[in-house]
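As structure tokens, the structure follows; a few thoughts come after it.
Throughout, read-outs are computed from the coordinates displayed, never taken from laboratory work. Bear in mind the structure is a predicted one, so any value in this text is a computation, not a measurement. A quick note on method: Cβ atoms are made from the backbone with ideal geometry, for glycine too, and the neighbour counts reach across all protein chains shown.
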Amino acid sequence: MENVIFQGESLRVEIEPFEIPWLKIFTVTPHKEFSECSLDLRIEIIQMLDVIEKEMIGFFNPDKINIASFGNYVPKVHFHIQARFKNDSYFPEPTWGKKMRDSDLKLDMNSFYEKLSHKLESYKLTNQIN
């Protein structure tokens, strides 16, 4: 599956290949900070985060969902959404932190990304997230 699973007029969602489900939401227009986005765009980002978080919880039943916005290397508004598990390689550390163990997670990420892609495409057509 390619890395971009959703491309809308104002947002793009990409897969970050990793052992856990990890997605990134990017604004299409170049904004350095969240506060520079229009109110409508900020609302759309929050709605997208909400949909992805709920889909991750429903599909994977993770121990925790991590949502973060840090753009030191990519100074553009984007958010990371990760499903975290107590037995993933880095938990409770961040995924860029110290590896704690070798993980034996068996997650069907391709099916999840395909299902999520269809849900987000239906959002694109209706411009409404349910």
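Against the chain, whose longest principal axis is taken from its Cα atoms, helix 39-60 shows a tilt of about 30°. Extending 7 Å from Cα along the Cβ direction at residue 42 and again at residue 57 yields two label points whose distance is 2.3 nm. GNM on the chain, alpha-carbon springs under 10 angstrom: the most fluctuating residue among 16, 114, 93 is 93.
Over 21 Å between Cα atoms: which of 32/99; 24/76; 24/115; 24/64; 54/119; 32/98 fall into that group? From the list (32/99; 24/76; 24/115; 24/64; 54/119; 32/98), the Cα-Cα distance tops 21 Å for 32/99; 32/98. If the Kirkwood radius is taken over C-alpha pairs of the stretch 55-99, then at 37 °C and 0.692 mPa s the Stokes-Einstein diffusion coefficient equals 281 µm²/s. Averaging the Cα positions of each part gives two centres, and for the stretch 61-130 and the stretch 1-40 these lie 12 Å apart. Given 0.36 nm per residue, what is the gain on full extension from residue 111 to residue 9 after removing their alpha carbon distance, in nm? Separation in residues times 0.36 nm, less the Cα-Cα distance, equals 34.2 nm.
Of the chymotrypsin sites (Phe, Trp or Tyr not before Pro) in the stretch 63-108, the ones in a loop by DSSP (not H, G, I, E or B) with at most 11 other beta carbons within 10 Å are 70, 73, 96. Within the stretch 4-37, which residues have the backbone N less than 15 Å from the label spot 7 Å out from residue 100 along Cα→beta-carbon, could you tell me? Within reach of a label on residue 100, which here means backbone N under 15 Å from a point 7 Å along Cα→Cβ, the stretch 4-37 contributes 20. In a GNM of the chain with a 10 Å cut-off on Cα contacts, which of 61, 72, 87 has the highest mean-square fluctuation? In the Gaussian network model the winner is 72. Annotation note: trypsin sites (Lys or Arg not before Pro) in the stretch 1-109 located in DSSP loop regions with a Cβ neighbour count of at most 16 within 10 Å are 32, 76, 86, 98, 99, 101, 106. Could you work out how far helix 109-126 tilts from the main Cα principal axis of the chain, as a 0 to 90 degree angle to the nearest 10? Helix 109-126 and the main axis of the chain meet at about 10 degrees. Global size of the stretch 1-69: 12.6, 34 Å for Rg and Dmax (C-alpha atoms, Rg to one decimal, Dmax whole). Rounded to the nearest 20 debye, the dipole size of the stretch 28-102 about its Cα centre is 340 debye, using +1 on the Cβ of Lys and Arg and -1 on the Cβ of Asp and Glu. The slack between residue 35 and residue 64, meaning 0.36 nm per residue of separation minus the straight C-alpha distance, is 7.8 nm. Taking 116, 105, 23 as the candidate residues, the one with maximal mean-square fluctuation in a Gaussian network model of the chain, Cα springs under 10 Å, is 105.
Per residue, the Cα convex hull of the chain amounts to 107 Å³. Each Lys and Arg contributes +1 and each Asp and Glu -1, all at the Cβ; summed about the Cα centre of the chain, the dipole is approximately 240 debye.
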